[in-house]
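Student: Below: one structure in structure tokens.
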Amino acid sequence: MAFTDEPDLQTDVPHAARIWNYWMGGKDNFAADRAAGDAVEQVYPEIVLMAKQSRRFLIRAVHHLAAEAGIRQFLDIGTGLPTMQNTHQVAQAAAPESRVVYVDNDPLVLVHARALMADSTQDGRTVHVHADYHDPEKILVAAGEVLDFDKPVAVMFMGVLGYEPDLGVVASIVDHVMAAAPPGSHLVLWDGTNTTPAVVEGAERLAQNGGVPYILRSPEEIGGLFDGLELLDPGLVQIPAWRPQGRTEWLDAYGAVARKL
């Protein structure tokens, strides 16, 4: 898959993937991203913990699917910038033959995609698709060059669906992708919730400082995205409480892993 050599990074405009990279302690961000991130953290300091806990949730979920559920194909939509233990690293550590397709529309992610594709096991495969989740059919066509949709796939939306304001559109995106996945596939999904006044104010600060608005939803609304699927224990929970390893903290973020029957 070809990439442009010098994508337009727009370093003076805050971008969601780079803001999250900043909160997670990464170095792939610019002054505008840090300013927007700091504005949120001033009123909602838990955002840094949320960013780190979201990655720990990913690690636990992917490890379970690869090591225990026998999943060998992963479609990570809205992957963001690489940080600690990315999807392909976790999956291929448990099952070296795992195939991973990352999807993102951020030009900076394209730069890192080269390294991600090189950092793969000999038996597995890691590729990146430059696409927006609003075009799920494009994603499926491109992913189908690497993944076999006659076999189970883990579909992942990790904290990204809040950037679409219409819940109906969100549900249609998830449904479209899951409809293409066969029985035995899994949906891994989390998003921020409107469960405290502080997190709501944090989302307002993000928009006020040039970040793409992020729509916080209720846990019930997020739970509705799993309709028709079988939730794995412990069901829809705050992400630190999904099969935790150690103590858990309260966070305004809910997620789950569910199986398609």
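Student: Take TYR133 and decide whether it is under 21 Å from ALA256 (Cα atoms), in a loop (DSSP other than H, G, I, E, B) and hydroxyl-bearing (Ser, Thr, Tyr).
Tutor: Details: under 21 Å from ALA256 (Cα atoms): yes; in a loop (DSSP other than H, G, I, E, B): yes; hydroxyl-bearing (Ser, Thr, Tyr): yes.
Yes: the conditions hold for TYR133.
Student: While we're looking at this one, here's another question. All but one of (1) touching a residue at least 40 places away in the same chain (Cβ under 8 Å); (2) surrounded by fewer than 17 Cβ atoms within 10 Å (Cβ to Cβ) hold for ASP227; state the number of the condition that does not hold.
Tutor: (1)
Student: Related question: I'm told LEU147 meets every condition in (1) modelled with pLDDT of 95 or more; (2) in a loop (DSSP other than H, G, I, E, B); (3) touching a His at 6+ places or on another chain (Cβ under 8 Å); (4) within 26 Å of THR83 (Cβ to Cβ) except one. Can you identify the failing condition by its number?
Tutor: (3)
Student: Identify, by number, the condition in (1) touching a helix residue (DSSP H, G or I) at 6+ places or on another chain (Cβ under 7 Å); (2) farther than 20 Å from ILE19 by Cα; (3) surrounded by fewer than 22 Cβ atoms within 10 Å (Cβ to Cβ); (4) not acidic (Asp, Glu) that ARG125 doesn't meet.
Tutor: Just one mismatch for ARG125, condition (1).
Conditions (1) at pLDDT 95 or above; (2) touching a strand residue (DSSP E or B) at 6+ places or on another chain (Cβ under 9 Å); (3) surrounded by 14 or more Cβ atoms within 10 Å (Cβ to Cβ); (4) farther than 30 Å from THR11 by Cβ, marked per residue:
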{"position": "ALA154", "(1), (2), (3), (4)": "yes, yes, yes, yes"}
{"position": "HIS176", "(1), (2), (3), (4)": "yes, no, yes, yes"}
{"position": "THR248", "(1), (2), (3), (4)": "no, yes, yes, yes"}
{"position": "GLY255", "(1), (2), (3), (4)": "yes, yes, yes, yes"}
{"position": "LYS260", "(1), (2), (3), (4)": "yes, yes, yes, yes"}
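Student: Which is in contact (Cβ under 8 Å) with a residue 24 or more places away in the chain, assigned to a helix (DSSP H, G or I) and surrounded by fewer than 17 Cβ atoms within 10 Å (Cβ to Cβ), of GLN53, GLN42?
Tutor: Details: GLN53 fails: surrounded by fewer than 17 Cβ atoms within 10 Å (Cβ to Cβ).
None of the others qualify; the one that does is GLN42.
Student: If we keep just the residues of the range 53-109 that are of a type in the set (D, E, K, R) and touching a helix residue (DSSP H, G or I) at 6+ places or on another chain (Cβ under 8 Å), which is farthest from LEU231 (Cα to Cα)?
Tutor: ASP106
Student: Here's another thing I want to ask about it. Can you pull out the residues in the range 67-101 that are surrounded by 24 or more Cβ atoms within 10 Å (Cβ to Cβ), among the small types (Gly, Ala, Ser) and at pLDDT 95 or above?
Tutor: Selection gives ALA91, SER98.
The values are calculated or read from the model by the stated rules, or taken from the named source; none is laboratory data. Small disclaimer: the values here were computed from a predicted structure and weren't measured. Virtual Cβ from ideal backbone geometry, glycine too; neighbours counted across all protein chains shown.
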